[in-house]
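The structure appears below as structure tokens.
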Amino acid sequence: MFSRDNWRNFDFWMFGTVIILSIFGIAMIRSAIAGNTELATYVNRQIVFISLGLVIIFITAIIDYHYWAQIARVMYIATFVLLMVVFLIGQASFGAARWISAGIVNIQPSEIGKVVLILVLSDYFARTRDVKKGTRWIAASFLITVGLVIWILLQPNLSTSIVMFVIWFSLIWLSGLPPKYIIFFIIGGFLLAVAAFPFLEPYQQQRIMTFIFPEQDARYGNSYNIQQALISIGSGGLLGQGYGHGTQVQLRFLKVRHTDFIFSAMAEEFGFVGTMIVIALLIFVITRCIRAGNRAADPFGALIAYSFGILMFFQTAVNIAVNLNLMPVTGLTLPFVSYGGSSLLSMVLGVGLVESVLLRQKNTE
């Protein structure tokens, strides 16, 4: 039963940290798009997104997370249909059709798909926790994942597809994957990556080749923004050039600086110290998710909390790695900081679900 007393379990520290990160994100977006009239409305939009997001956190927290297990199949089918619609009529941007226009905003169903996959797989692994962990158990969860991923790949959206597979592998590992299968996953993953390369879109292949051979198009090609990102990070030094005073950002040498490369913009204006503070705040939210998993009343709640923590960690790590040129450009945003309504929606839904798990945690007294 849920009562007023349950609110003492609400993680106000995590909630407050999310607010701090979101407000800082608004400030960085404002600095990143300063003087760009085409993007002038983005700051107000992000404020609206965040305001709605905070409400969504409380609403999702109030709803018993077990309710989502009861409608998991319906949610899965609805997401499947939405992704199929995006493939057929979605709006294209940067060579991929990923959005459905809904008036003043564009909806990206693949972001919602992350949360739906977490719920469906968490329910599956919770229900099958006592069955034999063999190939049939693995195959069934794999097919559930592929059912959504296939439409995301066709958009094409390779980065989100990888995120979905990371969610799947993390949950299957947490649910007791026998160690003997690990070597097969490693070999299979490597062979699949090699075999899939010829079937990738040209721009996806180019991103990978640019990462391996950056000197091929260093001035105006695909490596241009990576170089500008590194210059931005390096010019920030220890304490940064100051808010609104980053030359790479304000003179617009750094592209997509309000989304994929907001970390570089942040590093130029606030330096090493500023970026480390933001990273520390993100890590704090991740650890609170793990803490929630440890306190969950059942395996279903624990898997929800753990998987969202893993999702947030993976997106954070990949976004920073891309900015530091440690891996090819992916398009994954920095949680709560980068501009984007759909990506923020997936994050706040995750926080709300984790809070719901905490409100109904097991009695530790």
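A short reminder: the numbers here are calculations on the coordinates, not readings from a lab. These numbers come from a predicted model, not from an experiment. In this analysis, Cβ positions are derived from the backbone assuming ideal geometry, glycine residues included, and neighbour counts consider all displayed protein chains.
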TODO: With a ≥ b ≥ c taken as the square roots of the eigenvalues of the C-alpha gyration tensor of region 268-348, please select rounded if a/c is under 1.5 and otherwise prolate if a/b is larger than b/c or oblate if it is not?
DONE: prolate
Open item on the list: Skipping prolines and chain starts, which residues have an amide H placed within reach, meaning under 5 Å, of the one on GLY240, given they are 5 or more residues away or on another chain?
Closed with: GLY271, PHE272
TODO: Kindly express, to the nearest 10 degrees and within the range 0 to 90, the angle between helix 299-323's C-alpha long axis and the longest C-alpha principal axis of the chain.
DONE: 10
Open item on the list: Taking θ = phi - 60°, what integer Hz values does the Karplus form 6.51 cos²θ - 1.76 cosθ + 1.60 yield along region 12-29, in sequence order, with x for Gly and Pro?
Closed with: 5, 5, 5, 4, x, 5, 4, 4, 4, 4, 5, 5, 4, x, 4, 4, 5, 5
- [ ] Quickly work out the PHE213-to-LEU326 label distance, labels modelled 7 Å from Cα along the C-beta direction, and quote it in nm with one decimal.
- [x] 2.6
- [ ] Return P(r) of region 4-359 (all Cα-Cα pairs; 20 Å bins starting at 0; whole %; ordered from short to long distances).
- [x] 29, 59, 12, 0
- [ ] Work from the charge dipole of the chain (Cβ charges, +1 for Lys and Arg, -1 for Asp and Glu, about the Cα centre) and give the residue of ALA140, PHE211, LEU349 farthest towards its positive end.
- [x] ALA140
Open item on the list: Can you give me the angle between helix 341-359 and the longest principal axis of the chain, using Cα atoms only, in degrees from 0 to 90, rounded to the nearest 10?
Closed with: 40
Task: Among SER110, VAL74, GLN315 the positive-end extreme of the charge dipole of the chain (Cβ point charges) - done: VAL74
Task: Residues with amide H under 5 Å from that of ASP11, placed H, sequence gap 5 or more - done: none
TODO: Report the residues of region 278-299 in range of a label on ASP64: point 7 Å along Cα→C-beta, backbone N strictly under 20 Å from it.
DONE: 293, 295-299
Task: Normalised contact order of the chain, rounded percent, pairs of Cα under 8 Å and 6 or more residues apart - done: 28
- [ ] Work out, step by step, the length gained on full extension between ARG8 and THR128: first 0.36 nm times the residue separation, then minus their alpha carbon distance; give nm to one decimal.
- [x] 40.0 nm
Task: Packing rank of 300-313, 277-290, 70-83, where each peptide gets the mean count of other beta carbons within 10 Å, highest leading - done: 300-313, 277-290, 70-83
Task: Most mobile listed residue (MET164, MET327, MET14) in the chain, GNM with C-alpha springs under 10 Å - done: MET327
TODO: Treating the angle as unsigned and between 0 and 90°, give the value, to the nearest 10°, between the Cα long axis of helix 224-236 and the longest Cα principal axis of the chain.
DONE: 90
- [ ] Per DSSP H run of at least 4 residues, take -39500 (n - 2.57); add these up for the chain, divide by its residues and hand me the 222 nm value, nearest 500 deg cm²/dmol.
- [x] -22000 deg cm²/dmol
TODO: Treat every Asp and Glu Cβ in the chain as -1 and every Lys and Arg Cβ as +1, leave all other atoms uncharged, and give the resulting dipole magnitude about the Cα centre to the nearest 20 debye.
DONE: 580
